[in-house]
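**Q** Attaching a single structure in structure tokens format; questions to follow.
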Amino acid sequence: MTRPTLKDVARRASVSVSTVSYALNDDSHVHLAPETRARVRRIAKELGYTPNAMARSLRTRSSRTAGVVLTKPLTNLRYAAIVQGIANGLATSGLRMTVLPDATAGVLEDCRNGMIDGLIFVGHDDAVPPPALVEAAAVGVAPLVTIDCGGRAADAPHSAVDFDYAHGAREMITHLAGRDIRTILHVRPEVSSRAERDRQATLMRALGHADGVTMRVVSTGMSDEDLARTDAEDGAIARGYLASTLRSITDALLGVDDPDTTAVLCSWGADVETSLRAVSHVAPGTVVAALAGSWPRTEIWPDLVYSRLPLEEAGRRAAALLSSELAPDREHLSIVLPPALDTRLPETPPGRTPA
């Protein structure tokens, strides 16, 4: 059966094709008699006519669709939460979302053709938006918002949402010192990410103001190369990493004189449950804390001290900024969100429902 067209509706209603188009378009400013508009819509419904969204987007150069460029797997709760926030935020602005695994030339072509109205680039580690995306934003081809890319230059042609990692590190040291913690075993990978560098520098400065508190690094051995292989879902790498991390933390805890004045501080979310496991077996009473990452199983570990990144909020803010970027009088803005210190996490991660 042939799909009804505007011409079919116009023929049945005895009006022009343009009149049908105006009658069916809620955003049309062309004046039509109410009876004509109602009759055309009734006939369109009787014929089973539905607008061709692709044709409309090509004609108007707008699809009301935002592209979310994410090169990390959505199985990672961190990125799932950000994307959930983006989806919720876009919905309030009447925008749809499509998730893109990379920023190829085809993505920018879709922006030029009106198939995608704007882009949100989700950063991580040292990832920044490709120069082609920034250039496209500068000339108005693809309005752009970045998330977690390390701050926006004053003259950057896009908006940005970032996390204040330094604030989280300072707040954590203040909290642990207030609990009479004297020894911090800092569990961290050997990765060179921007966030990790910021945290390390801030931790050292904060320790300088925390009298009597010392910190010892416990390396997990995870390198940038290992991290890339783990992201590719290499199960053997992940299992080997967990086993070696457990040994490293256990060895460090065996050398602790007083568990009650000791804290294990994790820089990376993947190390949290391993640290909790080691503490429960070797040094009960030791505080376990984490600076950022995914959500551990809080129903099992209710006493975890956690510096929680506002991931869903970052997604919502980015969606709102993109909506502003699509306006004719757009202004490029920067938002920096601090983490919140939780001494007990919510029962379920944002965007999930309890089982």
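The values are calculated or read from the model by the stated rules, or taken from the named source; none is laboratory data. Note that the structure is a prediction, hence the values are computed from the model and not measured. Note that we place each Cβ from the backbone using ideal geometry, even for glycine, and neighbour counts take in every protein chain shown. Note: areas computed on protein heavy atoms with side chains; ligands, DNA, RNA excluded. Shrake-Rupley method; radii C 1.70, N 1.55, O 1.52, S 1.80 Å.
**Q** For the chain, build the charge dipole from Cβ charges (+1 Lys, Arg; -1 Asp, Glu) around the Cα centre, then report which of 169, 314, 287 sits farthest towards its positive end.
**A** Projecting each Cα onto the dipole axis, the largest value belongs to 314.
**Q** What full-extension length gain, to one decimal in nm, is calculated for residue 201 and residue 38 as 0.36 nm per residue of separation minus the Cα-Cα distance?
**A** 52.0 nm
**Q** While we're on this one: What does the accessible area of residue 96 come to, in Å² to the nearest 10, when a probe of 1.4 Å is used?
**A** Ignoring ligands and nucleic acids, residue 96 comes out at about 140 Å².
**Q** Next up: Would you calculate, for the chain, the mean residue ellipticity at 222 nm contributed by helices, counting each DSSP H stretch of 4 or more residues as -39,500 (n - 2.57) and dividing by all residues, to the nearest 500?
**A** Helix contribution divided over all residues of the chain: -13000 deg cm²/dmol.
**Q** For the residue pair residue 128 and residue 223, what label-to-label distance in nm results when each label sits 7 Å from Cα along the Cα-to-beta-carbon direction?
**A** The two pseudo-label positions are separated by 2.5 nm.
**Q** For 209, 175, what's the largest-to-smallest order of accessible area, 1.4 Å probe?
**A** 209, 175
**Q** Could you sort 211, 162, 110, 251 by accessible area so the largest value comes first, with the probe set to 1.4 Å?
**A** 211, 251, 110, 162
**Q** Can you list which of the DSSP-assigned H helices in the chain have a Cα extent of 27 Å or more along the long axis and an average Kyte-Doolittle score of at least 0.0?
**A** Long hydrophobic helices here: 235-254.
**Q** Next up: Please compute the length gained on full extension between residue 174 and residue 282, using 0.36 nm multiplied by the number of residues separating them and subtracting their Cα-Cα distance.
**A** 36.3 nm
**Q** Of the residues 126, 329, 258, which exhibits the maximal mean-square fluctuation in a Gaussian network model of the chain defined by a 10 Å Cα contact cut-off?
**A** Between 126, 329, 258, it is 329 that shows the largest mean-square fluctuation.
**Q** Using r as the Cβ-Cβ distance of residue 154 and residue 64, and R0 as 35 Å, what FRET efficiency do you calculate, to the nearest 0.05?
**A** 0.70
**Q** What does DSSP give for the chain in terms of the percent of beta bridges that are antiparallel, rounded to the nearest 5?
**A** Beta bridges within the chain, antiparallel portion: roughly 5 percent.
**Q** Could you tell me the calculated FRET efficiency between residue 96 and residue 75, based on Cβ-Cβ distance and R0 = 22 angstrom, to the nearest 0.05?
**A** With R0 = 22 Å, the Cβ-Cβ based efficiency is 0.45.
**Q** Now for a different question. Rounded to the nearest 10 Å², what accessible area does residue 204 have for a 1.4 Å probe in the complete protein model?
**A** For residue 204, the solvent-accessible surface is approximately 110 Å².
**Q** Subtract the Cα-Cα distance of residue 254 and residue 7 from 0.36 nm times their separation in residues, and report this length gain in nm to one decimal.
**A** The residue 254-residue 7 span can extend by a further 80.9 nm.
**Q** Probe radius 1.4 Å, ligands and nucleic acids left out: which of 72, 45, 7 has the largest accessible area, and how do the rest follow?
**A** If we order 72, 45, 7 from most to least accessible, we get 45, 7, 72.
**Q** Roughly speaking, to the nearest percent, how much of the chain's 1.4 Å accessible area is carbon and sulfur?
**A** 52
**Q** What's log10 of I(q)/I(0) for the chain at q = 0.07, 0.09, 0.12 Å⁻¹, Debye sum over Cα points only, no solvent?
**A** Result of the Debye calculation: -0.42, -0.62, -0.91.
**Q** Another question about this same structure. What FRET efficiency, computed as 1/(1 + (r/R0)^6) with R0 = 45 Å and r the Cβ-Cβ distance, is obtained for residue 190 and residue 329, rounded to the nearest 0.05?
**A** Efficiency at R0 = 45 Å is approximately 0.45.
**Q** Whole number in Å², please: accessible area per residue of the chain, 1.4 Å probe, ligands, DNA and RNA not counted.
**A** 50
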